[in-house]
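Scroll down for the structure; my scribbles are underneath it.
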Amino acid sequence: MTTTGDGDAARTDEIYCPFPYRESPHAEQAREHLADWVGRTGLVRRESARQRFQRADFGWFASLVYPTADRRGLEIVADWFGWLFLVDDQLDDGSVGRSLGTVEQAVGQMRAVLNSPDLGGSAADGGESPSAVSALADLWRRTAAHATSRWRGRFVRHLEDCLTTAAVWEAGNRVRGVVPDEVTYIEKRRHTGAIYVCMDLIEIVERLDVPDELYASAEFSATLDAACNVVCWTNDIYSLDKERSLGEVHNFAYLMQHHRGLDRRHALAEASRATSAETTRFLAAEERLLAAHPHHAQVLTPYLAGMRTWIRGNLDWSRRTKRDHSPAAAAPPRPAEYVEPAMMRDER
């Protein structure tokens, strides 16, 4: 969690979140499984990278946002968290995110895995692929084998949107020195934050099958987008200092500083107020969704519960994680200490 002063802590603690704390009883197993998996797949190799990854505690994060998942389900979503966050580090903090050619090549390999007829099986052994690609193949094969074709199509579309938006829009902004406007950023952030992908995983852990007509309804879209905004903006609030130390401009609070002429303290306060208001909007959208589709209550009830635990669990994790700082330092660790060079490039 980003180190803040007492005033900052008071403001971020004011983020409205009326949902109860929940945690899976399989949190420790998820931690152990994830640590083993990122090592075996080559996603984390150096000791400095391993220590930072361990401090982030993504196994615990998964247990907060999917508290009802069984052990196998929690291990799968924990692996997804590890993969998504490590790829995010490559794009946000490493040199890869400033090399459009390298990013586009890696994304192309990932897209091939997601659309392969064998669900990535042929690429899962590593071969000549970078570790991010071979690890994705292993993870996709294990996840997709237990999913419907409808869910697979939706998930692939969301993950491709996430990777493409990061590779083309966000990386392009960095290369050209563009600071996006707030409206564009809010829409793009739901993709670059992989939050649609993470919400899709609710169906995996709860064994749901959301009909296409329900998913595409205006009421479902409004509810989902509000929940996704809350999660993304909360993450931005807590990661502001770390991201600004690396020159990152893709941050909700920073855009308020930049476009509205606010100082850091007032930008954080305004971002916290906006996040609270979005939670209220989620609650209203949730009521409209249930009223408009009462015949889908059996699938909506657990899905909405999953959105709620995502909002609450993400806030709890953001307040406690040490992902953005080393334990004994006030400044974030340098990317050279944790970004693995071979993860997105084949340097083996």
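Bear in mind these aren't lab numbers, they're just calculated from the coordinates by the rules spelled out. All of these numbers come straight from a predicted model, not from anything done at the bench. Methodologically, a virtual Cβ is constructed for each residue, glycine included, from the backbone with ideal geometry; neighbour enumeration extends over all protein chains shown.
Note down the net charge around ARG288, summing +1 for each Lys or Arg and -1 for each Asp or Glu among other residues with Cβ under 11 Å from its Cβ.
Around ARG288, the surrounding residues sum to -2.
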Determine, for each peptide in 16-24, 279-287, the mean count of other beta carbons within 10 angstrom over its residues, then list the peptides with the highest first. 279-287, 16-24
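What order do you get for 258-265, 70-77 when each peptide is scored by the mean count of other beta carbon atoms within 10 Å, highest first?
So the order, starting with the most tightly packed, is 70-77, 258-265.
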